[in-house]
1. Hey, in the GNM for chain B with a 10 angstrom Cα cutoff, which one of B:S79, B:S32, B:S93 fluctuates hardest?
2. Explain nothing, just the number: dipole magnitude of chain A about its Cα centre with +1 on each Lys and Arg Cβ and -1 on each Asp and Glu Cβ, in debye rounded to the nearest 20.
3. Using a Gaussian network for chain A with springs between C-alpha atoms less than 10 Å apart, which of these wobbles most: A:G53, A:G40, A:G96?
4. With 23 Å as the cut-off, how large is the P(r) tail for the protein assembly as shown, expressed as percent of Cα-Cα pairs?
5. In nm, give the distance between the simple-model label positions of B:K111 and B:Y30, each being 7 Å from the Cα along the Cα-to-Cβ direction.
6. Collect residues whose amide H, placed 1.01 Å from N in the peptide plane, falls under 5 Å from the amide H of A:G58; neighbours closer than 5 in sequence don't count.
7. Quote the relative contact order of chain B in percent (integer), defining contacts as alpha-carbon pairs under 8 Å separated by 6+ residues.
8. Which percent of the accessible heavy-atom area of segment A:16-100 goes to carbon and sulfur, probe 1.4 angstrom?
Amino acid sequence: NAGVTQTPKFQVLKTGQSMTLQCAQDMNHEYMSWYRQDPGMGLRLIHYSVGAGITDQGEVPNGYNVSRSTTEDFPLRLLSAAPSQTSVYFCASKSGTNTGELFFGEGSRLTVL
Amino acid sequence: GNSVTQMEGPVTLSEEAFLTINCTYTATGYPSLFWYVQYPGEGLQLLLKATKADDKGSNKGFEATYRKETTSFHLEKGSVQVSDSAVYFCALSDTGGFKTIFGAGTRLFVKA
């Protein structure tokens, strides 16, 4: 089973460049989310979506855009990358209940120079 | 707002030692509580969960009890193995399930 698939796994950007981190899940989960992981800070929620066409902000949304046109896909866009966005990014999905576990992708390591 | 606080690491233990990783939370309503584990180079995966007060989650020898009176969800294992070396995250999902908040993570090293 593929589960949650993220691409790319590694990316190096220059300050001001734009890029999209892709996330796809094949579990028919309604809920999808993006986190960033930084040393000593755990995972922080960037944006989340409870279904196609519906997105909302998490703890640290500034500098990131998302959209949800299909159930399967939830891309994360950086319009103008900054060094502060150097991090490991995780996409996660779950079925639509608060007791459900999150299923994570393997992560995308982004470095902004 | 909701928050999760867990003990700082790293924690270094010898094989077969007893493990406790402390986790406390602040939340309104009726959150669900989770422990996730992250092995090197991988994403997080669920270790165990508890959805209401006094529930005990357990898996692979690990267990944690949802204590509403002390707002805690401490992770324990009676005898750790080298293969348990990983980073452990305590997490809380709000009542609506929209936001899952994670602690900072505790790195565990187990020596043979």
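The values are calculated or read from the model by the stated rules, or taken from the named source; none is laboratory data. This structure is a prediction, so every number in the text was calculated from the model and none was measured. So basically every Cβ, Gly included, is an ideal-geometry build from the backbone, and we count neighbours across all protein chains shown. These area figures cover heavy atoms from the full protein model, side chains too; ligands, DNA and RNA do not enter into them. Shrake-Rupley method; radii C 1.70, N 1.55, O 1.52, S 1.80 Å.
1. Fluctuation is largest for B:S79.
2. Around 400 debye, computed over chain A.
3. Evaluated over chain A, the most mobile residue of the options is A:G40.
4. 47 percent
5. 4.7 nm
6. Long-range HN contacts for A:G58: A:H47, A:Y48.
7. Working: 298 pairs, mean separation 41.7, N = 112.
The value is 37 percent.
8. Details: 1670 of 3500 Å².
Here it works out to 48 percent.
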